[in-house]
Amino acid sequence: MLQRVDRAESQRSVRRERREGYFEALRMIELDLRIAAYRAQSCSDELEALESSWPSSRRLEMSVEAKMAVQIFGSTEVRLLTTEWEEVAREGDVEKMEAVAERFRSQVRSELLSN
């Protein structure tokens with residue numbers, strides 16, 4: 001009986017960590033998308049405001065934490081999408097970024113709503 005309780009608590013903990021990691025990754029994706037869109041549209045005021053609220057050092061820290069959480073607790077699909085996101089984000093192609101972001105959101109939605 002005690003073993004079942006421990007196992008159930010462990011499963012809840014993993015689901016909680018996965019959810020938090022996914023949300024952290026989604027925050028990073030949204031920030032990266034806004035930055036890329038502002039750069040593409042030459043919206044320097046908006047870009048400056050975003051970068052003052054979210055300095056690159058803070059974004060880097062968030063990115064590392066999100067990646068670690070996804071790598072440890074995420075599904076194979078989300079881990080692959082995270083890797084794909086990193087590639088398209090480096091390119092800075094907003095259209096490709098939007099497509100991968102939507103696939104990421106859809107996968108996360110599917111996983112979190114099924115648990």
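The values are calculated or read from the model by the stated rules, or taken from the named source; none is laboratory data. For clarity, every value in this text was computed on a predicted model and none was experimentally measured. Cβ sites come from the backbone with ideal geometry, for glycine too, and all protein chains shown count toward neighbours. Just the protein is used for accessible areas: all its heavy atoms, side chains included, with ligands, DNA and RNA removed. Shrake-Rupley method; radii C 1.70, N 1.55, O 1.52, S 1.80 Å.
Of the residues in the range 83-90, at least one is surrounded by 11 or more Cβ atoms within 10 Å (Cβ to Cβ) and in contact (Cβ under 8 Å) with a residue 40 or more places away in the chain.
Name the residues in the range 62-79 that are over 16 Å from residue 26 (Cβ atoms) and either open to solvent by 90 Å² or more (accessible area, probe 1.4 Å) or under 12 Å from the mean Cα position of the chain (by Cα) (or both), would you?
First, the residues of the range 62-79 that are over 16 Å from residue 26 (Cβ atoms): 72, 76.
Answer for the range 62-79, where residues must be over 16 Å from residue 26 (Cβ atoms) and either open to solvent by 90 Å² or more (accessible area, probe 1.4 Å) or under 12 Å from the mean Cα position of the chain (by Cα) (or both): just 72.
When the residues of the range 98-115 are filtered to those that are acidic (Asp, Glu) and open to solvent by 50 Å² or more (accessible area, probe 1.4 Å), the one that is nearest to residue 26 (Cα to Cα) is 102. Within the range 60-83, one or more residues are within 30 Å of residue 8 (Cα to Cα), in contact with a Ser or Thr (Cβ under 7 Å, 6 or more places away or on another chain) and assigned to a helix (DSSP H, G or I).
Only one residue in 15, 4 is free of Cβ contacts under 8 Å to residues at least 12 places away in the same chain, in a helix (DSSP H, G or I) and open to solvent by 90 Å² or more (accessible area, probe 1.4 Å). Which one? Show your work before the answer.
Values: 15 fails: free of Cβ contacts under 8 Å to residues at least 12 places away in the same chain.
Every option except 4 fails the conditions.
Please find, within the range 18-56, the residue that is least open to solvent (accessible area, probe 1.4 Å) out of those that are among the basic types (Lys, Arg) and within 18 Å of residue 96 (Cα to Cα). Among those residues, the one meeting the criterion is 27.
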